[in-house]
Amino acid sequence: MGLIRLYLLIYKMASATLRRRLHHGDVDGRKYERYDATDSETLSEPLLGSSSTDNSRNEYIEERTLEDIWEEERKRQQVHWTLIFSQLIAQWAQWIAKIVFGSGSLVGRFLSLPTFGQIGTGGRLLPPPLSMLQEERLRNIKRRIEIPFDGSRMEHQDALRQLWRLAYPQRELPPLKSELWKEMGWQGTDPSTDFRGGGYISLENLIFFAKTYPESFQRLLHKQDGTRAEWEYPFAVAGINISFMLAQMLDLQSGKPSTIAGIRFLGFLEEDEMAFDNLYCIAFQMMDAQWLARRASYMEFNDVLKSTRAQLERELALDDVSSITDLPAFNLLYK
């Protein structure tokens, strides 16, 4: 008996909820649609009129008690709502299956990305649990990002000299303040004034690029690909901007990345300690390709950088990307 009472209670609650939802037209997204309780009955006579049929019908209704009319209406409503309830249950089952398992659904796409976490408060993604190795490497990147460039520090001065030697191995090393630095794409005679928000990591990124992918680095430094603009982007300053863009895109200033790109990047750290630097090289090469494709000039650099970020985010969200080398743009480094 207890189960029967529970069933009746659930049924009444469900019926009330369904009536409200059907009344407001929010089932199946069809707003303003109504379900009429008389739809199952065919109207064979006018609702208004003074025919003899109407008079006999009225006399019949007068002879019936209010309780009889209510009981008949209750039974008809019960059959009607039971039918609608069963139909809606079947529809809901289909909708849920499409939402959860459909290959084109948003949830389906998230489920197909094994490295992505669950959705937390505010709609932000929660990163999956990290290994000790990932935690350590993430802390190291955060530490590097927080170090500002300081032209008075000897190691920072040495890093600038190293970058020059890698860029121009056959040329004499100039003083740290010289017009020659402009040839590399610094805006003034003193490179230390161009770092601003880029920090020391942006210089490390340039050095890594020159050492790891020297041919690509030289192509971009000397603008050897494609038809170039009369007013080109400054190579070194562009590199600083790319470092800053990448740190923002990967959400590395927060406690733990909560963007799709940032969470995918955390997966890269398991296998690649230099994942940030490698991604930087790809982003730089990708930016130059965007520059050529748009036939851009100096004043359009920010637009090119935005489109580069958008393209990189799309590639990081691809299902079959599990490492830096899986990114389609990685091949640009070896063209």
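Points to keep in mind about this one:
- Probe 1.4 Å - accessible area at Glu232, Å² to nearest ten: 40
- Cα centroid of region 186-200 to Cα centroid of region 290-315, whole Å: 22
- Restraint check, Lys223/Lys256; Lys142/Lys182; Lys211/Lys256; Lys256/Lys306; Lys306/Lys335; Lys142/Lys211, Cα-Cα greater than 25 Å: Lys223/Lys256; Lys142/Lys182; Lys211/Lys256
- The convex hull built on the alpha-carbon positions of region 227-316 has an orientation-averaged projected area of 5.9 nm².
- Dipole check for region 259-335: with +1 at the C-beta of Lys and Arg, -1 at the C-beta of Asp and Glu, and the Cα centre as origin, the magnitude is about 500 Debye.
- Net charge of neighbours whose Cβ lies under 13 Å from the Cβ of Lys335, counting Lys and Arg as +1 and Asp and Glu as -1: -2
- Computed E for Tyr298/Met132 - FRET, C-beta separation, R0 56 angstrom, nearest 0.05: 0.75
- Calculated FRET efficiency for the pair Glu232/Arg314, C-beta based, R₀ 25 Å, to 0.05: 0.45
- For GluC sites (Glu not before Pro), the sites in region 148-203 that DSSP calls loop and that have at most 14 other Cβ atoms within 10 Å are Glu172.
- Computed over the alpha-carbon atoms, region 180-335 gives an Rg to Rh ratio of 0.95, Rh here being the Kirkwood radius from the mean inverse distance.
- Qualifying chymotrypsin sites (Phe, Trp or Tyr not before Pro) in region 161-233, DSSP loop, other Cβ atoms within 10 Å at most 16: Trp231
- For q = 0.14, 0.15, 0.16 Å⁻¹, Debye-computed log10 I/I(0) when each Cα of region 206-279 counts as one equal scatterer: -0.57, -0.64, -0.70
- Charged neighbours of Ala261, selected by a Cβ distance under 11 Å, balance to 0 (K, R count +1; D, E count -1).
- For peptides 220-228, 235-243, 300-308, 271-279, sequence by mean Cβ density within 10 Å, most packed first: 235-243, 271-279, 300-308, 220-228
- Stretching the chain fully between Leu176 and Lys256 yields a gain of 25.1 nm (0.36 nm per residue, less the alpha carbon separation).
The values are calculated or read from the model by the stated rules, or taken from the named source; none is laboratory data. Owing to the predicted nature of the structure, the values given are computational and were not obtained by experimental measurement. For neighbour counting, all protein chains shown are included, and Cβ atoms are generated from backbone atoms with ideal geometry for every residue, glycine included. For the accessible areas, the whole protein counts, side chains as well, though only heavy atoms, and no ligand, DNA or RNA atoms are used. Shrake-Rupley method; radii C 1.70, N 1.55, O 1.52, S 1.80 Å.
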